[in-house]
Amino acid sequence: MESYVFIGLAVLAGLFFLFYTNQRRARKMRRIRIEESWGKLPDREYTYDEFERIRHYFDRKADASFALDEITWQDLDLDSVFRQMNHTWSSVGEETLYRILRTPTFDEETLRERDRLATYFASHKKETFDLQEIFCELGRVRRIALADYLYSLPQAPKLPIGRSLFQDILFAAAVFLLLFNISAGIPLFILMIAVNILTYYQNRARVESYFSCVSYLLKLLHAGKRIAQKDLPELKTYQETIRKNTLPFRGIEKKAALISGGDRMGGSFLDMLLDYIRMITHVDLIAFEQIRRQLERHIPEMESVMEPLGQIESAVATASYRESLPCFCRPDFSKGDNLCFAARRLYHPLLTDPVTNDFKTGKGVLLTGSNASGKSTFLKTAALAAVLAQTIATVPAASYQSSRFLVYSSMSLKDDLAEGESYYMAEIRSLKRILDAAGGKKPILCFVDEVLRGTNTVERIAASAKLLQSLAGKNALPFAATHDRELTGLLKETYENYHFEEEMREGDIAFSYRILPGPATTCNAIRLLARMGYATDVTAGADRMAEHFLQKGVWENL
């Protein structure tokens, strides 16, 4: 008998040793992965549902004075920009980072603090990697967003704790009876096991989806306490906020080990051992209900733990993102009333080999130039610089100075077939929202690509001229790209003219992507047809017709 006990203990000791060594190896590999990924572009793949969940925290907190609307967000491909800068390891970090990117701020102190944190993390790698380990252990939620986890607690079904406790008493009585009267105890023992397991699965099914919710919130509280205990004077304010708001949850972590996260196949070794005890005693259901009630009573405090944790990790992500850029600068915001936008060696961070441009203006900008010469890319580059300046205090440029703006764009519109709306209707709706925003107390920076392209030439030029003239007089700094050279003369008093051009090299077209002063003087649409192999009778005939129109002002017959 003693030998069997000894063997059993040895097996248990071996299993726990194996568990310990596996955990230690996992921590080591996690640290290596964190250090190797620093300053590199993330290679994470996102599902559509996953990306939708990330934005829920922003949606729930959409009470900010200004947020980038869907049109501007899509025009600037900010989903891709977010993926490039998302160097976070936890849901609380990435959901906060998304919210920050979506809500440019006018508050100087907020931007200064974000820059202070990012600068500190960039220069203190050990402390930063230690924090990232905690966030990595916290990890990301599944199924629904972290914000949804928190606010879904009041909707969770209430479990009958009293009934479960009564069944535990009966089960304990069966065990006690079994010790003294086996024949009488066995039937009661088997009956209570069957009843307890049956009612366990009935109750567990009612709250299954909430188990992972409570489990993750407990992990978040534990991560917050670990960070609050670190000797990091630079995070003192954040740590004090976390400590203060975790006080209502004292003692809650003692019950955390009893809660299964809901992933039955992916649990730890300890979870697998506890599963049988949970089924028979309902200990996890009882603990779950007690924890859920405590969490539900203190949702504001939980939010106040999430917020500083999210701010810390988003600043870590900003520091890593800065290191991944070829160069960056901190924004310098003008304090005068005159609107301005100036940058040196400005580039687009999504391009693998970007051409940089120096640019400075204090009035509206009208961009002309050939097809594919870089007009649209420049508009997106300037708009993105303004957004990044007022969100993460990081601009892809050597230097950047501007006013603080509300940023709007109207660039990549499409027909809405589901709504039966033409391109032109979508376009004028998009432009109307910019006009409505202009003229307020806060200046706007707006970007329009091919103004009113969805209508005929005469009306397009007339309406575009008046629309752009109106924008320039409404506390706005508009940037517009157009193929209508007539606008360069009509708007010369209110807009500065810039252009992009191409060069012919050995019969081919080459683009410099450099912005140049003045209006464009060349066209290349017909030459691009020839370059793509269109028939000579088409391209030569088109050239002849265009030349005739430019000289005579009328079109020759086909």
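The values are calculated or read from the model by the stated rules, or taken from the named source; none is laboratory data. In this text, all values refer to a predicted model and were calculated from it rather than measured experimentally. All Cβ positions, even for glycine, are placed from backbone atoms using ideal geometry, and neighbour counts span all protein chains on display. Surface areas here come from the heavy atoms of the whole protein model, side chains and all, with no ligands, DNA or RNA. Shrake-Rupley method; radii C 1.70, N 1.55, O 1.52, S 1.80 Å.
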*If each of Leu41 and Ser183 carries a label point 7 Å out from its Cα toward its Cβ, how far apart are those two points in nm?*
8.0
*Taking every pair of alpha-carbon atoms in region 25-165, what share in percent sits in each 10 Å bin, from 0 to the bin with the longest distance?*
9, 33, 34, 16, 6, 2
*In sequence order, calculated HN-Hα J values of region 84-95 (Karplus, 6.51, -1.76, 1.60; Hz; x Gly/Pro)*: 5, 9, 7, 8, 8, 10, 10, 5, 5, x, 6, 5
_At R0 = 56 Å, how high is the FRET efficiency between Glu253 and Thr455 if r is their beta carbon distance? Nearest 0.05 is fine._
0.30
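State which entries of Lys125/Lys230; Lys28/Lys126; Lys466/Lys492; Lys442/Lys492; Lys360/Lys380; Lys363/Lys442 exceed 19 angstrom in Cα-Cα distance in the structure shown. Don't skip to the end; give the middle numbers.
Working: Lys125/Lys230 15 Å; Lys28/Lys126 14 Å; Lys466/Lys492 13 Å; Lys442/Lys492 25 Å; Lys360/Lys380 16 Å; Lys363/Lys442 16 Å.
Too far apart for the 19 Å limit: Lys442/Lys492.
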*How high is the FRET efficiency from Asn371 to Tyr423, r the C-beta distance, R0 22 Å, rounded to 0.05?*
0.75
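With every protein chain present, what is the per residue accessible area of region 281-372 (1.4 Å probe, Å²)? Each step should come with its number before you reach the end.
Details: 3560 Å² over 92 residues.
Value returned for region 281-372: 39 Å² of accessible area per residue.
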*How many percent of the accessible area of region 310-367 is carbon or sulfur, using a 1.4 Å probe?*
45
_Solvent-accessible area per residue for region 90-180 (1.4 angstrom probe, square angstrom)_ = 43
*Amide H contacts of Ser409 (H built 1.01 Å from N, under 5 Å, at least 5 apart or other chain)*: Thr72, Phe447
*Hey, for a label at Lys432 modelled as a point 7 Å past Cα toward Cβ, could you say which residues of region 450-468 have their backbone N under 14 Å away?*
none
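Express the Stokes-Einstein translational diffusion coefficient of region 135-224 in µm² s⁻¹, to the nearest whole number, given a Kirkwood radius over alpha-carbon pairs, 37 °C and a viscosity of 0.692 mPa s.
Working: Rh = 15.8 Å.
It comes out at roughly 208 µm²/s.
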_Using 5 Å bins from zero, what percent of all Cα-Cα pairs in region 277-385 falls into each bin?_
2, 8, 12, 12, 11, 9, 9, 7, 6, 6, 6, 5, 4, 3, 1, 0
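How would you rank 47-55, 397-405, 136-144, 476-484, highest first, on the average number of other Cβ atoms within 10 Å across their residues?
Working: 47-55: 14.0, 397-405: 20.8, 136-144: 17.0, 476-484: 22.7.
Those peptides, ordered most packed to least, come out 476-484, 397-405, 136-144, 47-55.
For region 153-221, which trypsin sites (Lys or Arg not before Pro) pass both filters: DSSP loop (anything but H, G, I, E, B) and at most 12 other C-beta atoms within 10 Å?
Values: sites: Lys158, Arg163, Arg204, Arg206, Lys219; in loops: Lys158.
Sparse-neighbourhood loop trypsin sites (Lys or Arg not before Pro): Lys158.
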*Please find the FRET efficiency linking Lys125 to Glu503, where r is the Cβ-Cβ separation and R0 is fixed at 51 Å, and quote it to the nearest 0.05.*
0.65
